[in-house]
1. To the nearest 0.05, what FRET efficiency results for residue 247 and residue 319 with a Förster distance of 51 Å applied to their C-beta separation?
2. Compute the convex hull volume of the Cα atoms of segment 191-342, divide it by the residue count, and report the result per residue in Å³ as a whole number.
3. Taking 0.36 nm per intervening residue step and subtracting the Cα-Cα distance, what contour gain separates residue 216 from residue 368 on full extension?
4. Could you give me the radius of gyration and the Dmax of segment 139-211, taking only the C-alpha atoms into account and expressing both in angstrom?
5. Work out how far the C-alpha atoms of segment 227-292 reach from end to end along every principal axis, then list the three figures in whole Å, largest first.
6. Quick one: the Cα spread of segment 122-255 along its three principal axes, in angstroms, biggest first?
7. Working out 0.36 nm times the residue gap between residue 155 and residue 354, then minus their Cα-Cα distance, what length gain in nm do you get to one decimal?
8. Efficiency by 1/(1 + (r/R0)^6): what FRET value for residue 48 and residue 266, r their Cβ-Cβ distance, R0 = 41 Å, to the nearest 0.05?
């Protein structure tokens with residue numbers, strides 16, 4: 001009898017799941033026009049404290065994105081502004097089960113370039129930029145679509161198709177001082193010989209006006225990289241000699257690259273300073289996705305490794321005081337998975353909040369679309385969740 005009762009209670013617990021700390025919820029807000037079943041929505045923060053929801057189509061045609069800005073979201077009278085933008089034909093992929101994958105990689109704000117002064121939002125989409133930057137010899141020059149939105153009225157002021165490789169394939173965004181700019185390479189050449197490959201790129205940094213996109217040169221520089229082909233000898237003695245030669249060549253190449261970077265920094269420093277940068281590395285950490293990810297890791301060293309599998313760093317608060325993890329084990333397992341949002345204080349690495357979510361299907365552990373961001377309003381930091389592109393939930397950090 002006791003065995004049957006225990007089995008029954010276990011079955012009930014599995015069906016209901018863990019509901020999470022509802023008493024910690026600070027507010028809820030239902031959108032006037034929630035997403036459709038064939039859409040995928042993500043949540044973002046804006047410089048002026050508003051929230052931005054971007055809804056994309058799961059199936060073709062995917063070129064129309066629906067944007068919703070929600071101001072005063074932590075008051076009794078939130079305000080919605082809506083705008084549709086045409087990003088052009090694209091083949092973005094989305095997660096079919098747990099909604100964890102999207103075309104802009106790990107940084108969900110990578111396709112939303114926001115002016116720190118709160119004046120403009122630029123929405124770029126380039127399908128070919130990554131492959132072009134990795135190997136321009138094997139891939140066609142990138143093409144991109146740029147939508148420029150004036151934020152005070154939340155209206156589209158320009159849509160432009162870009163074919164220039166620098167604008168379509170370069171790293172684009174706003175400087176700390178609010179200047180729109182692009183950094184990338186304009187000319188490329190590659191030579192191959194029996195000893196390896198020499199790759200030469202002329203890089204350019206430009207500022208751009210909005211909405212005209214008139215360019216002004218900040219600086220340019222050339223980087224030459226040589227990759228040596230590993231060789232082996234016919235005897236152990238010859239192999240040892242060649243190995244030493246390879247080590248010497250690699251060491252000399254590394255030193256030469258460092259000297260090139262220092263020379264490029266010196267050439268660009270006077271032009272970068274008025275924009276709020278002290279070096280080209282600062283530009284990389286601001287405009288480039290990989291650069292931002294590496295920069296963010298510097299602030300997260302005190303947070304302990306997370307378990308179970310599937311925990312991803314999703315957001316840092318704007319004041320760099322908190323870090324949020326989305327722990328979604330359904331990324332790697334199906335049955336009996338785990339989903340929670342955890343918030344840590346970066347000063348000491350202490351966990352201060354965990355919100356556990358119930359699976360939408362108790363047998364398979366699947367979860368609906370849920371996205372979280374850390375945002376700040378009136379000197380208070382919140383964890384805000386977007387559920388199914390339809391409802392916001394806000395939790396005030398202790």
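1. Using R0 = 51 Å, I get an efficiency of 0.65.
2. 246 Å³
3. 50.1 nm
4. Cα radius of gyration and Dmax of segment 139-211 are 16.4, 60 Å respectively.
5. The Cα atoms of segment 227-292 stretch 58, 24, 11 Å along the principal axes, largest first.
6. 74, 29, 20
7. 67.9 nm
8. Values: r = 37 Å, r/R0 = 0.90.
Efficiency for this residue pair is about 0.65.
Here, each number is a calculation from the coordinates, and none is a lab measurement. Computed from a predicted model, the values in this text were never measured in an experiment. All Cβ positions, even for glycine, are placed from backbone atoms using ideal geometry, and neighbour counts span all protein chains on display.
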